[in-house]
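Report on the structure given below.
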Amino acid sequence: MARDLTPKYTVPGVERAAAGRIIDVLRLRLHALNDLHLTLKHIHWNVVGPHFIAVHQMVDPQVDRVRDMADDVAERIAALGGVAQGTPGSLVKERTWDDYSIGREDAIAHLGALDVVYTGVIEDVRAGIKVVGDIDPATEDLLIEQLRDLEQFQWFVRAHLESASGTLTTARAETEKDAARAAKA
């Protein structure tokens, strides 16, 4: 932990030190979800091309659900006795990833980049589940529920990037820009 996040009190059945570990996991999940819903809105506003309306309309329900996820995580942090830091400065200072790198671009390029974004978010949620799983089943359940939704959103994105034979155009891409280029190829 970067700092001591041990709360002065927590929920019954969870020790204060364990609650601090959970809060640390949830802190980065909150930042990731706030970043994700802003990234999705950015895509919504900056998508162009023949698939514009499909992507424009597909991401708005994702924005709404991801905002709800952030609220659930923030409320869990508070219930555990922590402070939910939802400010932009806190997000930027503490995040472990770079800002979304695609501006005005066609739908397929944005979807390629978004696939990479979802992969990173999903991998981090799975890592968080491993940490909290032995400590707190309520937090584990919250993260598992969110994982299911995030994986479904990535499936929606990947449906636009997949060939009939099951190959993803972004399969070898490691960065958003690489994925955007691969998706357009």
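Restricting the first member to the stretch 1-22 and to residues that are without any contact (Cβ under 8 Å) to a residue 40 or more places away in the chain, and the second to residues that are assigned to a helix (DSSP H, G or I) and open to solvent by 100 Å² or more (accessible area, probe 1.4 Å), the beta-carbon pairs closer than 8 Å and six or more apart or on different chains are MET1/ARG21; THR6/ARG16.
Residue under question is ARG104, and the condition is that it be over 14 Å from THR39 (Cα atoms) and either open to solvent by 30 Å² or more (accessible area, probe 1.4 Å) or without any contact (Cβ under 8 Å) to a residue 24 or more places away in the chain (or both); does it hold? Give the steps one after another, and end with the answer.
Working: over 14 Å from THR39 (Cα atoms): no; either open to solvent by 30 Å² or more (accessible area, probe 1.4 Å) or without any contact (Cβ under 8 Å) to a residue 24 or more places away in the chain (or both): yes.
No; evaluated as a whole, the condition is false for this residue.
Considering the stretch 139-180, the residues that are modelled with pLDDT of 95 or more and of a type in the set (Lys, Arg) include one that is nearest to HIS56 (Cα to Cα), namely ARG158. Which of the residues that make up the stretch 67-91 are within 26 Å of LEU111 (Cα to Cα) and without any contact (Cβ under 8 Å) to a residue 60 or more places away in the chain? Selection gives ARG67, ASP68, ALA70, ASP71, PRO88.
Taking the criterion of being touching a residue at least 60 places away in the same chain (Cβ under 8 Å), in a loop (DSSP other than H, G, I, E, B) and either among the acidic types (Asp, Glu) or at positive phi (or both), the only residue of the stretch 107-156 that qualifies is ASP136. Here PHE52 fulfils each of the conditions (1) of a type outside the set (D, E, K, R); (2) touching a residue at least 60 places away in the same chain (Cβ under 8 Å); (3) within 20 Å of THR169 (Cβ to Cβ) apart from (2).
The values are calculated or read from the model by the stated rules, or taken from the named source; none is laboratory data. Remember, predicted model here, so these are calculated numbers, not experimental data. Glycine also receives a Cβ, built like all others from the backbone with ideal geometry; neighbour counts cover every protein chain displayed. Side chains are part of the model used for accessible areas, which takes the heavy atoms of the whole protein and leaves out ligands, DNA and RNA. Shrake-Rupley method; radii C 1.70, N 1.55, O 1.52, S 1.80 Å.
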